[in-house]
1. Label 7 Å along Cα→Cβ of residue 92; the range 1-31 residues with amide nitrogen under 19 Å?
2. Using Cα centres only, tell me the gap between the range 43-77 and the range 10-29 in whole Å.
3. What residues from the range 164-190 fall in the zone where the backbone N is under 19 Å from a label point 7 Å along the Cα-to-C-beta line of residue 72?
4. How high is the FRET efficiency from residue 22 to residue 206, r the C-beta distance, R0 45 Å, rounded to 0.05?
């Protein structure tokens, strides 16, 4: 497996490269088909005397979905340990789900009578969750103009991917997030699956429709 290590605002020493090669042995054991591991170390300095930190991002590329994990600490070696632990856990959970899937075949489907989604432990979002998504807002911090805040909002754009709810749950586990945005192949609706407790998940879907004629005329 190839390894690429880059630093943003920080130099990458030979010692760090050696430690990376030692640590990723766990990842290679769990992901034997992986082709490349990208390691990115970012040094951040904050204003108002806040202690600088190091963020280590791991991206595993192979024959299958991309797997990501990251961790932050004042010491990049500690951040590396935490990120490797996260990725190893994500790979382990994905492997367990594959084994469980072979022993207990899954397959999400809609029950004709009730219209309920069967075959996967997914529950519709509650009214409170939908209301919070529709009306809630979090101000985005501008690091150049405003004082330090522990809440940092990062914006990322991705190409839309069509998949089933079950596939979206598997992808969410691999990237180590608490949610995953996708387009449902059954409905063509933008949807998001999110983690609840244990192996319990929820799903929110946007029902798109054309605006009323009065709105178009105004």
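Each reported figure results from applying straightforward, stated rules to the coordinates on display, with no laboratory input. Being a predicted model, the structure only gives us computed values, none of them experimental. Here Cβ is always computed from backbone atoms with ideal geometry, including for glycine, and neighbour counts include all displayed protein chains.
1. It comes to 22-31, nothing else.
2. Measuring centre to centre over Cα atoms gives 14 Å.
3. The answer is 176-179.
4. Values: r = 45 Å, r/R0 = 1.01.
The formula returns an efficiency of 0.50 here.
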